Amino acid sequence: MSAPARLSWNAVCARRLARHLLAVPDPDARPVDAARVMCGAHAQVMSAAEISIAMRTAAATRSTVRDAVWTEKSLIKTRGVRGTVHLLPAADLPLWCGALSAVPTGRFTRADPAGLDVEQADQVVAGIAAVLEDAELTADELTAALADRVGGWAADPVMEGFQTVWPRWYHAMDVAMHRGAMCFGPGRGRKVTYTGPGRWLPGFRPAGGEAALGWLVRQYLHAYGPATAPNFAQWLAAPPAWAASLFTSLGDALRPVTVQGVTAWENADDPGPPALPPPAGVRLLPYFDGYAVGGRPRELLFPGPAAKRALAGGQAGNYPVLLVDGVVAGVWHQRRSGTRIAVTVEPLDPLSPARLAELDHQVQRLGEILEGRPVLTLGPVTVGPHA
């Protein structure tokens, strides 16, 4: 057997930038295309998802992204990897649900009196699927419907939330979304609603777990590879031993390469991009952008002072980041007042005139996306990490 091919970190950055549509935004890319290349856009902060997606297109704005979710329904708002809110391509939802519902969680036991056991979780998920099959309900409405259908125990207020106490069924919300029983519906005033994805995707049914997991590994490696099984486990919040077994089960579908002396994996049928120039360019990535959250090794993506400034307890995504030549080189923040958007950028090293010109272009593009008038300030970002 021949030795694994060796890839430089520069080559890895160039590949990821190109595949994330960050090297040159694709003039033909739609919001759904941008979400797909990231393996979903993190949408716990919806405005961040709008920026993540629109920055990867030539002309999309926040309104374009919202239309993709609520009018075209080409994007579905649901729980994705790590149980966090994501925008996922609607066409891929059967595969996402098949894969995510096959990831072992070990969460449901009888040990926690405020939680759910496996049987109760299954009842809650089945109840949610039935109640939301033809409805859009707020959390309170869904709680009442589940109490009627499943039993009052599902509505017991036992789960500590943000200065409130949520009903017991909330413990199974991410599992219900992973199994395709529910997704987010359009807002009703200030209230969130939930609905069944089958209302928007006729014939919707989660794919088989084994095939879907293979698909998810390939999607992940295309976007974030070369990567190791532990990298995949961290990205997915899955047991490391299970992830290692999954990678092994894929056999010849994966091939080893080395990056900086470390063996990692890429898709065996991946021809790789054509010869790419070195990673270049200045980019502004918002909270929880996939390139920063999914990218590893951390010590290369967040080199030197970037790790201390742009990571929170070693976790990526809590700060919007300034990307220079494919690696994190600072942080930034934006604050809106009417149509004015104050953008503060804190580079970790001085930027050349050419870099400053690129940064100004990024700030103007940010203003287009947010449909406002941006004003750039270079200086310290005093806002702490997003909780």
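The values are calculated or read from the model by the stated rules, or taken from the named source; none is laboratory data. Computed from a predicted structure; not experimentally measured. Cβ placement follows ideal geometry from the backbone for every residue including glycine, while neighbour counts extend to all protein chains displayed.
Computed quantities for the displayed model
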item	result
Within the range 233-284, tally of residues that are touching a His at 6+ places or on another chain (Cβ under 9 Å) and more than 30 Å from GLN364 (Cβ to Cβ)	3
Failed item, numbered, when ALA121 is tested on (1) at pLDDT 95 or above; (2) of a type in the set (A, V, I, L, M); (3) crowded, with 19+ Cβ neighbours inside 10 Å	(1)
Residue in the range 207-227 that is buried (at least 16 other Cβ atoms within 10 Å of the Cβ), more than 21 Å from the chain's Cα centre (by Cα) and in a strand (DSSP E or B) present	no
The range 270-305: number of residues that are among the basic types (Lys, Arg) and touching a strand residue (DSSP E or B) at 6+ places or on another chain (Cβ under 8 Å)	2
Residue match in the range 44-55 (condition: hydrophobic (A, V, I, L, M, F, W, C), closer than 22 Å to TRP215 by Cβ and modelled with pLDDT of 95 or more)	yes
In the range 38-57, the residues that are in a helix (DSSP H, G or I) and surrounded by 21 or more Cβ atoms within 10 Å (Cβ to Cβ)	ALA49, GLU50, ILE51, SER52, ILE53, ALA54
Test: ALA329 is without any contact (Cβ under 8 Å) to a residue 24 or more places away in the chain, touching a Pro at 6+ places or on another chain (Cβ under 9 Å), over 21 Å from LEU221 (Cα atoms) and surrounded by 15 or more Cβ atoms within 10 Å (Cβ to Cβ)	yes
Selection from the range 82-118 of residues that are surrounded by fewer than 19 Cβ atoms within 10 Å (Cβ to Cβ), assigned to a helix (DSSP H, G or I) and among the hydrophobic types (A, V, I, L, M, F, W, C)	ALA91, VAL118
Enumeration of residues in the range 140-160 that are among the charged types (D, E, K, R) and either touching a strand residue (DSSP E or B) at 6+ places or on another chain (Cβ under 7 Å) or part of a helix (DSSP H, G or I) (or both)	ASP140, GLU141, ASP148, ARG149, ASP156
Test result for ALA316, free of Cβ contacts under 8 Å to residues at least 40 places away in the same chain and closer than 17 Å to SER8 by Cβ	no
